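Working notes, structure below.
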Amino acid sequence: MGKVISMLGVILLFGALGVSAQDTQNENEIYVLYRLVPENDNIMQFETAWDKHNQEFHQDSPVYAFYMESGPHSGTYQGVEGPMTWTGHENVEYTDAHGQDWLENVQPLLMKPIYVEWWRHLSKYAQNVSDQPTETSIVTLYHIKNGEMARFMRMLDDWMEANTEQGYDGRYNVYQRQLHGQGQIAIVSSLDQGLADLDDANEFRQRFEATHGDNTWQLFLDDYELSVYKSEVGLRNRLMDISTQ
């Protein structure tokens, strides 16, 4: 069963969406992600309070608001702020009114403390960047075994090369978790046409072998087994009204 799940992780992430390469951008783009779990009987009040808070206090520090439709965190909300550098994050100043509004109007509607993570955007792997916001995306999270991050990053290089050389269309961004110990990589695959994008045939193995040669697919799967001990997949919707841009 473990190998079946691992194979699904390979297909869902590495075979879901790939594309043509872009120029390397700033590798020090940091995003702050915080997970919010509202009380079941106060969901509408929470969305209203969070929306009002964002529009009033986050015009200069934009917030991307999301709702997790499926996966381990289904039913929860995500706020993402950035990009910023570590220096920029360190120098963010919040007014007393900002903090007071959150503590009085948003925090009381949550069931759990806010869970915060920092993620670095790996712009080397950003594909088909667009200024148009995507409402639906697939977030695939890889938990990397200790000492195996270099192997996994080499897999990402091979994955990107196979997609770009074969002209596969799609859009995604790759992020690496920071300051949290165990290594994690997240790939956010944009579904510009919604779930209809998933009806397209998945031919990643053919693209991979056409780029890297016959009999290389099994080596790719072996590297996956050696470097990843768990993968998680979730469907995420962007809340356009609550987001500030």
Return the sequence-ordered ³J(HN,Hα) values of the range 115-123 in whole Hz as given by the Karplus equation 6.51 cos²θ - 1.76 cosθ + 1.60 applied to θ = phi - 60°, using x for Gly and Pro.
-> 9, 10, 9, 10, 10, 9, 6, 8, 5
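With each run of n ≥ 4 DSSP H residues scored as -39500 (n - 2.57), what mean residue ellipticity at 222 nm is computed for the chain after dividing by its residue count and rounding to the nearest 500 deg cm²/dmol? Intermediate values should be presented prior to the final figure.
Values: 7 runs with 71 residues, N = 245.
That comes out to -8500 deg cm²/dmol.
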Calculate how steeply helix 43-57 sits against the longest principal axis of the alpha-carbon atoms of the chain, using the helix alpha-carbon long axis, and give the answer as 0 to 90 degrees to the nearest 10.
-> 80
Full extension between TYR115 and GLU135 adds, at 0.36 nm per residue less the Cα distance, a length in nm of 4.9 nm
Given the candidates SER231, LEU195, PHE57, the one whose Cα lies deepest towards the positive end of the charge dipole of the range 29-242, counting +1 at each Lys or Arg C-beta and -1 at each Asp or Glu C-beta, is SER231
Mind listing the long-range amide H neighbours of LYS230? Cut-off is under 5 Å, sequence gap 5 or more, other chains count too, H placed in the peptide plane at 1.01 Å from N.
-> HIS143
Quick one: compute the contact order of the range 29-242, relative version, from alpha carbon pairs under 8 angstrom and 6+ residues apart, as a percent.
-> 31
For the pair ALA210 and HIS89, how long in nm is the line joining their label points, each one 7 Å along Cα→Cβ?
-> 3.9
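Count the lysine pairs in the range 29-242 that are 8 or more places apart or on different chains: how many have C-alpha atoms under 24 angstrom apart?
Working: LYS52/LYS112; LYS124/LYS145; LYS124/LYS230; LYS145/LYS230.
Lysine pair count for the range 29-242: 4.
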Give the residue from THR76, MET44, THR211 lying farthest towards the positive end of the charge dipole for the chain; charges sit on Cβ (+1 for Lys and Arg, -1 for Asp and Glu) and the dipole is referred to the Cα centre.
-> THR211
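The range 85-131: which GluC sites (Glu not before Pro) are DSSP loop and have at most 15 other beta-carbon atoms within 10 angstrom?
Details: sites: GLU90, GLU93, GLU104, GLU117; in loops: GLU93.
Filter output for the range 85-131: GLU93.
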Label-point separation, ASP222 to HIS180 (7 Å along Cα→Cβ), nm | 3.2
Taking alpha-carbon centroids only, the range 188-208 lies from the range 43-80 a number of Å equal to 27
Mind checking the per residue accessible area of the range 115-245 for me, 1.4 Å probe, whole number of Å²?
-> 48
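For the range 29-242, give the percent of accessible area contributed by carbon and sulfur heavy atoms, probe 1.4 Å, rounded to a whole number. Provide the component values of the computation, followed by the final result.
On the way: 5130 of 10920 Å².
After summing per-atom areas, the C and S share lands at 47 percent.
Sort THR244, THR95 from largest to smallest accessible area, using a 1.4 Å probe on the heavy atoms of the protein chains.
On the way: THR244 25, THR95 85 Å².
Result of the area sort, largest leading: THR95, THR244.
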About its Cα centre, how strong a charge dipole does the range 131-234 have in debye, to the nearest 20, once Lys and Arg get +1 and Asp and Glu get -1 at the Cβ?
-> 560
On a 0 to 90° scale, report how tilted helix 149-165 is relative to the longest principal axis of the chain, with both axes built from alpha carbons and the result rounded to the nearest 10.
-> 70
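The values are calculated or read from the model by the stated rules, or taken from the named source; none is laboratory data. These figures come from a predicted structure and were not determined experimentally. In this analysis, Cβ positions are derived from the backbone assuming ideal geometry, glycine residues included, and neighbour counts consider all displayed protein chains. For the accessible areas, the whole protein counts, side chains as well, though only heavy atoms, and no ligand, DNA or RNA atoms are used. Shrake-Rupley method; radii C 1.70, N 1.55, O 1.52, S 1.80 Å.
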